[in-house]
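These notes are about the structure you will find just below.
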Amino acid sequence: MASETESEKKKRISGYGTGTVESVMSVDQVAKEAQALSEQRPDAATLRGYCKGEPFVTIEGLRAGYGKMEILHEFDLVVGKGQSLCLIGPNGAGKSTILHSIFGFTNIYGGKIFVGGNDITSLSPKEKLRDAGVAYILQDNSVFPDMTVEENLLMGGYLKNRPAEAKQSADRVFEKYTRLADRRHQRAGTLSGGERRLLEISRALIMNPEVLLVDEPSIGLEPRFIDMVFEILADLQNVEGKTIVMVEQNAKKGLEFADLGYVLVSGQLALAGTGTELLENPEVGRLFLGG
Ligand SMILES: Nc1ncnc2c1ncn2[C@@H]1O[C@H](COP(=O)(O)OP(=O)(O)OP(=O)(O)O)[C@@H](O)[C@H]1O
């Protein structure tokens, strides 16, 4: 968003929360005031306390970034199996960088990442998807528009050695989501925004991952599709037992959905709680939920 003006930024942010354009603070102001939240920074034991059962996705003292630039500084995270976590925070705080780091898209300078007790810190994205059961769902517009819905889904199984297995997984997706089944031979570029997001999520399911990293599921969607996408994610968590780590600019939606919420400020964890606790926190409300 390099060319975005301050007024455009305000407009964009106002769409994420519940406030009006006028009532929303500038991006820089939010970032500055959010620093004060860091005084309540939780320790690793507190994070574990929020965990249901054994920790499943754990990050310990992560230092990561791009090239030589460190974006995340000593970042910790603990999520139980089948739990969901939503990361919120000012623009540029490093939320997506956490997902990138878990999936292997960043340089890691220190710290560890575990899934199911296994150290996955230095695995490649391919190994994380194929061997560690971690899938990354891109922000948006990642479907191949000239390929059919079915072909797009099968692309999700390109790491499976046996195409027949990918086909079986795709058939299971079609059984579950008849909306996609009805359109299996349709070009993906002709799908509605909500259907496209459903296809992007479904494509990640072909490898049958345990952990879903979901980057901004509501971005660019009309309100009616946003609810649909969150219902799909709730089903994947509650019925299929997937563990979800999500970044969501619509902080209200994200915190209503997730069991846990973390506020990230300048690459560091500033505040953690249940989704409900953060929704009820007046400072979080003022800074990220539109007042
Ligand atoms: N591929 C990259 N190469 C270099 N720097 C990057 C890259 N991706 C992100 N950054 C930088 O890392 C910092 C954190 O970016 P990140 O996208 O993680 O923030 P964010 O909290 O998700 O922000 P937003 O809410 O605006 O999406 C920013 O300063 C950004 O410019």
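Below are the figures for this structure:
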quantity: Estimated inter-spin distance, D131 and Q35, nm [label 7 Å along Cα→Cβ]; calculated: 4.3
quantity: For the chain, share of DSSP beta bridges that run antiparallel, in % to the nearest 5; calculated: 60
quantity: Sorted by Cβ density within 10 Å, fewest first, the residues H100, H73, H185; calculated: H185, H73, H100
quantity: Cα centroid of segment 248-279 to Cα centroid of segment 52-131, whole Å; calculated: 16
quantity: Pair A234, T190: separation of 7 Å Cα→Cβ label points (nm); calculated: 3.3
quantity: Relative contact order, percent, the chain [alpha-carbon distance under 8 Å, six or more residues apart]; calculated: 27
quantity: Listed pairs K126/K242; K95/K167; K52/K126; K176/K252 exceeding 23 Å between Cα atoms; calculated: K95/K167; K52/K126; K176/K252
quantity: Local electrostatic count, V78, Cβ distance below 14 Å [Lys/Arg +1, Asp/Glu -1]; calculated: -1
quantity: Inter-site label distance for S26 and T276 at 7 Å from Cα along Cβ, in nm; calculated: 3.9
quantity: Segment 131-245, relative contact order in percent, only Cα pairs under 8 angstrom and at least six apart counted; calculated: 38
quantity: Principal axis dimensions, largest first and in whole angstrom, of the chain by Cα; calculated: 53, 43, 36
quantity: C-alpha long axis of helix 223-238 to longest principal axis of the chain, angle in °; calculated: 80
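Any read-out appearing in this document is the output of simple, stated calculations on the displayed coordinates, not a laboratory observation. Not measured: the values here are computed from a predicted model. Please note: Cβ atoms are built from the backbone with ideal geometry, for glycine as well, and neighbour counts cover all protein chains shown.
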